[in-house]
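Shown next, in structure tokens, is the structure this report addresses.
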């Protein structure tokens, strides 16, 4: 396991043991799982034996991130890419296994197991085993109970409540499912899959082979898709994906999911372009503030839009801005998407007033990076995800301001002392 044994000493131990011939078998086979986790020195140690291995030694290197394996290693390997198995193939195999094991299973139930396994035969067989323990006759209800997912009828009830903007109906269905100990995380994932189907039906209705659903559900999905604009589907899909991300660290997944349902039923996003020229012109008038070049940005959604336009900074006082408690969380999330830029924010602070966020950094180089459109977009998106709303963002370097202030005092002192001074 290279994830746990990734040091150079671990590979040296492996290399020392490889020189001994196998006791009983023809070959000595070393399987290194998650090989991309090895350190550079460990890879170098492994390369020495892979260059000229003994005839009886074989290596099998397994990884999901082959791009992280050095070219000196991959060039000495035969590469086999394993892909997800088609849902139809898993369904046929499950039916075959069930017949040999004297298990009664409906074909649509086997198809549901195949879909839930997401292309993995091992997961499909594990779920089949669980279903067999639940009942001798495996139906879709059996699969739903064993997997802890919502029944298909309940799932479509939530979708139709979201389309007709009836949050009460959606919350009632969710409450009923919660009382039956259904997994809210899986329910969110199922809804995401179905809205993906709606998106594909809207974009390319003729490509039904891309749709992952039961045969009797296709017509129902088509009817729902006809009631929605593509922008609405994409907006609701975004709400579900954001909810799925937050549920991983939420203390109460039920509340998180209920908040998501309310947004699904009440939010309608219109995607259009607005010009922020006036706002940007006002921001540029502020001392020690750096902003990126003006770009056209999409209008914010109702749930994330700024409550009021940006106010004139000249009318604000320093006391109006309050420290942002979530700044450390924002930095942690920003490090995941842009570690190089986030490094320049070490020791920084953030303050907010209304829909204005002021970043106070000690590193003047951040102001240069902040002007790059890509960096600005990543930071604003990270702030929006963490805070749940969008801000007009400005940045300043307090260290630079202090340096200028000290220089000014030094010049004043020199002039008052009669020292000839030249300021460049």
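Given the structure, is residue 141 closer than 21 Å to residue 107 by Cα, assigned by TED's automatic domain parsing to the domain that holds residue 91 and part of a helix (DSSP H, G or I)?
Yes; evaluated as a whole, the condition is true for this residue.
With respect to the numbered conditions (1) assigned to a helix (DSSP H, G or I); (2) in contact (Cβ under 8 Å) with a residue 24 or more places away in the chain; (3) surrounded by fewer than 17 Cβ atoms within 10 Å (Cβ to Cβ), which one is the sole condition not fulfilled by residue 181?
Going through (1) assigned to a helix (DSSP H, G or I); (2) in contact (Cβ under 8 Å) with a residue 24 or more places away in the chain; (3) surrounded by fewer than 17 Cβ atoms within 10 Å (Cβ to Cβ) one by one, residue 181 breaks only (1).
Against the definition (in contact with a helix residue (DSSP H, G or I) (Cβ under 9 Å, 6 or more places away or on another chain), modelled with pLDDT of 90 or more and surrounded by 14 or more Cβ atoms within 10 Å (Cβ to Cβ)), how does residue 240 come out, yes or no?
Spelling it out, residue 240 is indeed in contact with a helix residue (DSSP H, G or I) (Cβ under 9 Å, 6 or more places away or on another chain), modelled with pLDDT of 90 or more and surrounded by 14 or more Cβ atoms within 10 Å (Cβ to Cβ).
Do you know which residues across segment 78-103 are more than 32 Å from the chain's Cα centre (by Cα), outside any helix (DSSP H, G or I) and touching a residue at least 12 places away in the same chain (Cβ under 8 Å)?
Residues satisfying the conditions are 101, 103.
Filter segment 106-135 down to the residues that are closer than 19 Å to residue 217 by Cβ and in contact with a strand residue (DSSP E or B) (Cβ under 6 Å, 6 or more places away or on another chain) and list them by number.
The one that is closer than 19 Å to residue 217 by Cβ and in contact with a strand residue (DSSP E or B) (Cβ under 6 Å, 6 or more places away or on another chain): 109.
So which residues in segment 129-138 are assigned to a helix (DSSP H, G or I), touching a helix residue (DSSP H, G or I) at 6+ places or on another chain (Cβ under 6 Å) and either modelled with pLDDT of 90 or more or closer than 14 Å to residue 213 by Cα (or both), if there are any at all?
Of everything in segment 129-138, those that are assigned to a helix (DSSP H, G or I), touching a helix residue (DSSP H, G or I) at 6+ places or on another chain (Cβ under 6 Å) and either modelled with pLDDT of 90 or more or closer than 14 Å to residue 213 by Cα (or both) turn out to be 130, 131.
Among the residues of segment 19-28, is there at least one that is under 17 Å from residue 1 (Cβ atoms) and surrounded by 12 or more Cβ atoms within 10 Å (Cβ to Cβ)?
No: segment 19-28 contains no residue that is under 17 Å from residue 1 (Cβ atoms) and surrounded by 12 or more Cβ atoms within 10 Å (Cβ to Cβ).
Examine segment 146-167 for a residue that is in a helix (DSSP H, G or I) and touching a strand residue (DSSP E or B) at 6+ places or on another chain (Cβ under 6 Å), and state whether such a residue exists.
Within segment 146-167, none of the residues are in a helix (DSSP H, G or I) and touching a strand residue (DSSP E or B) at 6+ places or on another chain (Cβ under 6 Å).
Just checking, which of 140, 247 is more than 27 Å from the chain's Cα centre (by Cα) and either surrounded by 14 or more Cβ atoms within 10 Å (Cβ to Cβ) or closer than 24 Å to residue 94 by Cα (or both)?
Within the list 140, 247, the selection yields 140.
The values are calculated or read from the model by the stated rules, or taken from the named source; none is laboratory data. Note that the coordinates shown come from a computational prediction; the quantities given were computed from them, not determined experimentally. Don't worry about glycine lacking a Cβ; one is built from the backbone with ideal geometry, like all the others, and counts go over all protein chains shown.
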